[in-house]
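Chemist: What follows is a structure written as structure tokens; I'll ask about it next.
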Amino acid sequence: MSAQIPGSRSGAASSSKPLLELRGVTAAYGGIQVLHGVDLEVPEGAVLALLGPNGAGKTTTISVACGLMEPTAGKVYMAGADVTGVGAEELARRGVVTVPEGKGIFPNLTVKENLLMATYAGVDMDHVEAVAYEQFPRLGERRTQVAGTLSGGEQQMLAMARGLAVNPAVLLLDELSMGLAPLVVEELYGIVARIARTGTSILVVEQFARTVLGVADLAAVMVNGRVRAVGRPSEIENELSAAYFGV
Amino acid sequence: MSGVTVRFGGHQALTDVSLGVDEGQIVGLIGPNGAGKTTLFNAVCGVVTPSAGSVRIMGRDVSNLNTHRRARLGLGRTFQRLEVFSSLTVSDNVRVGVEIRQTWERRGTTARQFLATDGNLPVDAEVDLILERLGLGGLADVPVGSLPTGQARLVELGRALGARPSVLLLDEPASGLDDPETADFGRLLTDLAGAGLGILLVEHDVGLVMDVCEHICVLDFGSVIASGDPEVVRANEAVVAAYLGAGT
Amino acid sequence: MRGIEGAQEVVKIVVTVSLMVALIFVALWIWPEDQAHPLGNLVSTGELKVAGVTLTGQRLLTIGTAIVVAIVLRFILRGTRLGIAMRAVVDDRSLLKLNGGRPDRTSMLSWALGASLAAVSGVLLASEQAPSVIPLTLLVVNAYAAAVVGRLRSIPGAFAGSIVLGLAISYVGAYTPADAAWGPIALDNLQRAVPAIMLFLVILAQPQVRLRAHSLQRARRPMPVPNQRLAAIGGLVLVATVVGIGSLMSGPDQNTLLKGFGFAIATLSLVPLTGYSGQISLAQLTFTGIGAVVMASWGASGDVFWVFVAVAVCSAVGALVALPALRLSGIYLALATAAFAIFCYWMVFQQQDVMPGSTASVPYLKIGPLEVGSDFGQLVVLAVAFAVIANVLVALRRSAWGRRLTAMRDSPVACATLGLNLMSTKVGVFALSAAIAGAGGALAGRTFVVDDFGLDQSLPITMLAVVGGIGSVGGALLGGLLLGVAPIATTALAANAIGVFRVLQRLGHPGDLGHAGLHGDRPRAHPRRCRSRHRGRLPGLLPLREAIAAAIVAAAALWLAARTELIANWGLFAAVVVLAFAVLPVLPAILPPPGENRRGRVGPTAVWLVVLLAVTALIPWENAIGSTGFRLIAILGWTVLGALTTLGILGLDPTGRLNVSGASPDHIGLDSSLGDAEAMVAAAEVGVDEELLSVPTPVALEVLRGGGDR
């Protein structure tokens, strides 16, 4: 990444051009439309938190952004280039790292073997291992353990280690906190903040999340397949409680 | 049920959860994603085996019984991920519920199961009644596979009612319903409870839970972090933290 | 195999089995069985004596290769990125994609690696075992017996399993001399049954499969609920046709057709088992064999009482086999039934007391004073039996029990929470299915040989039932008949069976084009289907008296022409096929339904149809093409061409024949925009919640709008 924006993240949010941009994206499973025209911009080096209740279309948005799903209409841009319809594996090789909801690891592979899979993105194994074990010493102790037997927090760390080691342009995180203890969640978001400081643009999807707002530069509230509001975390508090508690 | 603990591999999904549902009572079970609500349901129904603890239905310990035996003692449920019979029509889904109940109510032998055909007025009448009560009357002949989720969930509820349970476990029954439909659904639940049915309700729509439940349990990381009537739970700090994240 | 990833288990198994059957026939075609293909040792020199045991060079090579392969395989799967990716694909395809890996390519390489290893083992085996297509193919049972020890996942487990299996086979071979017996039971074939016995035992030791709390198969394509009246009419037509055609046939052909009908009934037995309740069995012909043997050894008088005894025996055996096997599902159930088939073939049917001279002569049927005296008479009995059983099955599907079976297939866990005892229901349907298959054998009225009841015969039965439209009685008839009359159909046809059945299936169930999944077809891949629904909707055939009358007159005319030898038998066959599949379905388009005017189409279409029929009947099929197999294919091809052209003239699509506004369950799937495979892939890949998968199909929307209720 060319632009390093250390520290002043709020500044990054307003001034930079978008690195990941969804424009008028609609998506459907078979006959049912899930996204009804989503416009979303993740500015370069910024963290955008996408929040909303169950079934709002957050996971589908991620799926479109990472290339697993093709939008029925609309465009996806990465760093200004149109990547609509480019496959997930191709995007991954171009520096998009996605940690999907609750299953960011291969449960029957060992920790080390899981990390080896990250090398498809074009980094060498030594680097991946060095970064992963330095950031998460616990993974280093368990490098030969089968990943499915790690605790939930360690599994998410393993998934995140990939995000750290690849040094991606864009990081897409889906429900990072699901089923994890608050302390673990805070630790994970500390790492998200650290990755953000290296200039990576991050899109985080969360359902219940005040923790993520502490890390995010921008937050968007999504309801029924549409983005209802975007703004600084402080600006959208009202929208947020309306979306959850139906006030 | 009392003191149910469920383990998966290294994970402990539920730790010593105890709760009870009385006749005619609606108990709400809420908590963030991954808190263990569905696992609790599965343990109660016998789909997963708890590593410790017991499940009692009407005072009888059913911990060692199969899923279908528990059902015959009056335990009914719906599923978070729909489990409708998608190749059958709406009315046939409910009909299967009624018919299966008839086979075990009559202690039917296999031969009798063979002979239990339709054309039997009571079955039809019961199916019609259930469909009408759920507002599905106009959709009786529609294949369930082609219904939107909200209605498919109602079909699942209707099917469970066909088995005439005394305790009903509902796993997110209102997701997929719009606001007026949810309000109707809330009234339906109150009516069912009024008729003596005990209901354990897992639901993300906290508003609905607060409206209909007399008692609410909040589950987080597999254990109960709060329980009591809606006002108590609403005011509980731990609950707010569980939902919106700690540390604020 | 890419297209079937994420498809239903039954479909996966059947597609694999179909491929295997097709390859067997291709191999038999290339290397005819009556020619020997001796192969020398790869290494002819060199012997080694180790502790008194002489090892030939060939065997040393085999052992060495096995060790090297195991080590290399372990290195590849544990130490290289490609190998680890192969294991990663099994865990989570889409996550591999998100990592930048290419799951499709990786899967393909896994297949290629597996196939190459199989080829290596073939080369090594060639000198040990006379290379013969079917025994070599059935070595797959040995392979599974070994691999299941490692739960199909672990290389050391599979290695240990194969050593145990190999030792067991050798010891059993060494300690059972040719005349060995245990009481009255001859044990000379015990050695060959060892793999099946071991497979069965290992499978029994597998832990119970847990009830899946949620299935991903949300958008299941509903099975048509058959119409009882149609089934009854179909039964009558079938009997009439058999009487008509049978009277034209020569003696040997009639006898062959008896076998065909016996097997057709065996195929029919899969309709409740696989079609309604989603279980799989690869041993149906074993039950047919048991039925035939019971009838041949005890009921030699042909008295109908013994038919019932045979049916009862089969149903009891079926229940016994099912009891342990049904704890499992999917591939394990399929393997357990395959093991049972092999066990029975070697240890039961090969007994001289069971099938003297390796044959079983099933007598003609006798009911009180009524006695069947000829193949033709027995043929009519079988046709009646088929029609009756088919009608009972249709009634069953419409009954409470049938609904329950379908419900169990859709969601076992939901059935359990309603209080259904899954085990007894499954055993019940398995017993029923075995009973039907047994009836096919007991009523066949001809002499069977042992080889009629091998696993290699049962596999195509299951395949044909599924490909011919599982759950459909018509599919069972076609499947069984084609297999039973294999001598007529020749290997060429068998090799093409899959393709032929696709065609038949499409013509036979025009509304069911969306048999998605079987070949990975995705509904959306057929844009033609989507546009057809609102144009040219044709009414059904049955309400039109004129159409029925025309059909009967045409059939009678053809029969007379054949009887008077105006046209030859093959001409008759061809014309009947054309009549059934190309002419009848479009009759409603020519004959205007009440209150609608279709004038303008009538003239040209009628002329075209008459020409089509006449040309078909008059082509000298015997001489036109060489083998009978090609003849059949040509006739079918001609039919397809005719039907498509006719429909083209009418501006209709076959799917248009359906009357959609009735919203019967028969019609969904037709429009559900998400097939099974797709729904599951979608669910697995993007973590879709069920909301998204419950797709309101156009049919439902139409009903919702038209019904005006909501």
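Chemist: What are the residues in segment B:64-96 that are under 18 Å from B:Gly198 (Cα atoms), more than 7 Å from chain C (Cβ to nearest Cβ) and among the basic types (Lys, Arg), if any?
Modeler: B:Arg70
Chemist: Within segment C:143-192, count every residue that is open to solvent by less than 50 Å² (accessible area, probe 1.4 Å), farther than 16 Å from C:Ala70 by Cα and in a helix (DSSP H, G or I).
Modeler: Of the residues in that region, 9 qualify.
Chemist: Could you give every pair whose Cβ atoms fall below 7 Å, whose first residue belongs to segment C:318-343 and is of a type in the set (S, T, N, Q), and whose second residue is in a loop (DSSP other than H, G, I, E, B) and crowded, with 24+ Cβ neighbours inside 10 Å, counting only separations of at least 6 or pairs across chains?
Modeler: Listed by first residue and then by second, the contacts come to C:Thr337/C:Ser281; C:Thr337/C:Leu282; C:Thr337/C:Ala283.
Chemist: Follow-up question, since we're still on this one. Could we say that A:Glu70 is in a loop (DSSP other than H, G, I, E, B), open to solvent by 50 Å² or more (accessible area, probe 1.4 Å), more than 17 Å from C:Leu95 (Cβ to Cβ) and within 14 Å of chain C (Cβ to nearest Cβ) here?
Modeler: Considered against the rule, which asks whether it is in a loop (DSSP other than H, G, I, E, B), open to solvent by 50 Å² or more (accessible area, probe 1.4 Å), more than 17 Å from C:Leu95 (Cβ to Cβ) and within 14 Å of chain C (Cβ to nearest Cβ), A:Glu70 comes out as yes.
Chemist: Right, next: Scanning segment A:209-233 for residues that are within 14 Å of chain B (Cβ to nearest Cβ), assigned to a loop (DSSP other than H, G, I, E, B) and crowded, with 21+ Cβ neighbours inside 10 Å, which turns out modelled with the highest pLDDT?
Modeler: In this case the residue turns out to be A:Ala216.
Chemist: For C:Leu432, state whether it is touching a Phe, Trp or Tyr at 6+ places or on another chain (Cβ under 6 Å) and either in a helix (DSSP H, G or I) or modelled with pLDDT under 85 (or both).
Modeler: no
Chemist: Of the numbered conditions (1) facing chain A (nearest Cβ under 9 Å); (2) out of contact with any strand residue (DSSP E or B) (no Cβ under 7 Å at 6 or more places or on another chain), C:Phe75 fails exactly one; give the number of that condition.
Modeler: C:Phe75 satisfies every listed condition except (1).
Chemist: Right, something else. For segment C:295-306, which positions are open to solvent by 10 Å² or more (accessible area, probe 1.4 Å) and either of a type outside the set (Phe, Trp, Tyr) or in a helix (DSSP H, G or I) (or both)?
Modeler: Once the filter is applied, which keeps residues that are open to solvent by 10 Å² or more (accessible area, probe 1.4 Å) and either of a type outside the set (Phe, Trp, Tyr) or in a helix (DSSP H, G or I) (or both), segment C:295-306 yields C:Ala296, C:Ser297, C:Ala300, C:Ser301, C:Asp303, C:Val304, C:Phe305, C:Trp306.
Chemist: What's the number of the condition C:Gln378 fails, among (1) assigned to a loop (DSSP other than H, G, I, E, B); (2) in contact (Cβ under 8 Å) with a residue 24 or more places away in the chain?
Modeler: (1)
Chemist: For segment C:76-121, give me each residue that is exposed (fewer than 14 other Cβ atoms within 10 Å of the Cβ), under 30 Å from C:Thr137 (Cβ atoms) and of a type in the set (S, T, N, Q).
Modeler: C:Ser116, the sole residue that qualifies.
Chemist: Report, by residue number, each residue of segment A:135-157 that is within 14 Å of chain B (Cβ to nearest Cβ) and open to solvent by less than 40 Å² (accessible area, probe 1.4 Å).
Modeler: Across segment A:135-157, the qualifying residues are A:Ala147, A:Gly148, A:Leu150, A:Gly152, A:Gly153, A:Glu154, A:Gln155, A:Gln156.
Chemist: Here is a follow-up. Among C:Gly114, C:Gly83, which is the only one that is under 26 Å from C:Leu19 (Cβ atoms), modelled with pLDDT of 85 or more and in a helix (DSSP H, G or I)?
Modeler: Of the residues listed, the single one that is under 26 Å from C:Leu19 (Cβ atoms), modelled with pLDDT of 85 or more and in a helix (DSSP H, G or I) is C:Gly83.
Chemist: Taking the conditions exactly as written (touching a Lys or Arg at 6+ places or on another chain (Cβ under 9 Å), modelled with pLDDT under 85 and within 11 Å of chain B (Cβ to nearest Cβ)), does A:Glu186 satisfy them or not?
Modeler: Against the criterion (touching a Lys or Arg at 6+ places or on another chain (Cβ under 9 Å), modelled with pLDDT under 85 and within 11 Å of chain B (Cβ to nearest Cβ)), A:Glu186 does not qualify.
Chemist: So in segment B:97-110, with the set limited to residues that are more than 7 Å from chain C (Cβ to nearest Cβ) and modelled with pLDDT under 80, which one is nearest to B:Pro165 (Cα to Cα)?
Modeler: Within segment B:97-110, the match that is nearest to B:Pro165 (Cα to Cα) is B:Glu105.
Chemist: Can you name the number of the only condition in (1) within 14 Å of chain B (Cβ to nearest Cβ); (2) open to solvent by 10 Å² or more (accessible area, probe 1.4 Å); (3) within 14 Å of the chain's Cα centre (by Cα) that A:Gly95 fails?
Modeler: Single failed check for A:Gly95: (1).
Chemist: Can you say whether C:Leu418 is buried (at least 24 other Cβ atoms within 10 Å of the Cβ) and within 14 Å of chain B (Cβ to nearest Cβ), as far as the supplied structure shows?
Modeler: Yes: the conditions hold for C:Leu418.
Chemist: Name every residue in segment C:448-474 that is modelled with pLDDT of 80 or more, out of contact with any Ser or Thr (no Cβ under 6 Å at 6 or more places or on another chain) and not in a helix (DSSP H, G or I), in order of residue number.
Modeler: Matches in segment C:448-474: C:Phe448, C:Gly454.
The values are calculated or read from the model by the stated rules, or taken from the named source; none is laboratory data. This structure is a prediction, so every number in the text was calculated from the model and none was measured. Virtual Cβ from ideal backbone geometry, glycine too; neighbours counted across all protein chains shown. Heavy atoms of the whole protein, side chains included, go into the accessibility calculation; ligands, DNA and RNA do not. Shrake-Rupley method; radii C 1.70, N 1.55, O 1.52, S 1.80 Å.
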